[in-house]
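Comments concern the structure below.
FYI, it's all coordinate maths here, none of it is from the lab. These numbers come from a predicted model, not from an experiment. We place every Cβ from the backbone using ideal geometry, glycine too, and count neighbours over all the protein chains shown.
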């Protein structure tokens, strides 16, 4: 049966050419659960928005795949903090009590990762100007840069919005004086949302600063 209220019409014509017409209004009681979500994948914390496309329904129950639920027709964006797979399901019920349940839709939150370069060229050409650690799904990070004498010349420690907005080291000392070209050393400690620890005993090494254009 259709999910929307519908008029049906029947027209009959006899052998004499006489015509009669009858109509019937069908009021649907069938529920159709349907939704969209965006995005389906990304790094943690991943905020996902939902659009309810259900038809002929008045009651809802969302299952977000992480043991949390909502009975709102249009739930607030939901944030997934722990990397992994999540399966979202929507239950929808019509005014007459008919229930429909969607198939599950998978959300994939990427595991944490850390990729450290060993060279950067802060020469103002807009390419590779910052020493930036390419990372995903990190809860926090601590980056230190040392010169060849072992003196710390850069130190960043951040999490949350501060971490997401971090652009890396721009090759300046104290935020204004250009560091000399040459060899530097980095020490990095980080923690992923999946509780993976990136320890300084492993994530340390040589960094080459080159200024030639």
*So how do 165, 95 line up by other beta-carbon neighbours within 10 Å, fewest first?*
165, 95
_Inter-part distance where the stretch 150-213 and the stretch 61-127 are each reduced to a Cα centre, Å_ = 30
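Antiparallel as a % of all DSSP beta bridges within the stretch 113-209, to the nearest 5?
Numbers: 29 of 31 bridges.
Within the stretch 113-209, antiparallel bridges account for around 95 percent of the total.
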*Residue order, fewest to most surrounding Cβ atoms within 10 angstrom, among 11, 121*: 11, 121
*Could you list, bin by bin from short to long, the percent of Cα-Cα pairs of the stretch 35-110 in 5 Å steps?*
4, 16, 29, 24, 14, 7, 4, 2, 0
*Relative exposure of 98, 18, judged by other C-beta atoms within 10 Å (fewest first)*: 18, 98
*For mean projected area of the Cα convex hull in nm², the listed values are [x] 20.0; [y] 13.7; [z] 18.3; which was obtained by calculation from the structure presented?*
[x]
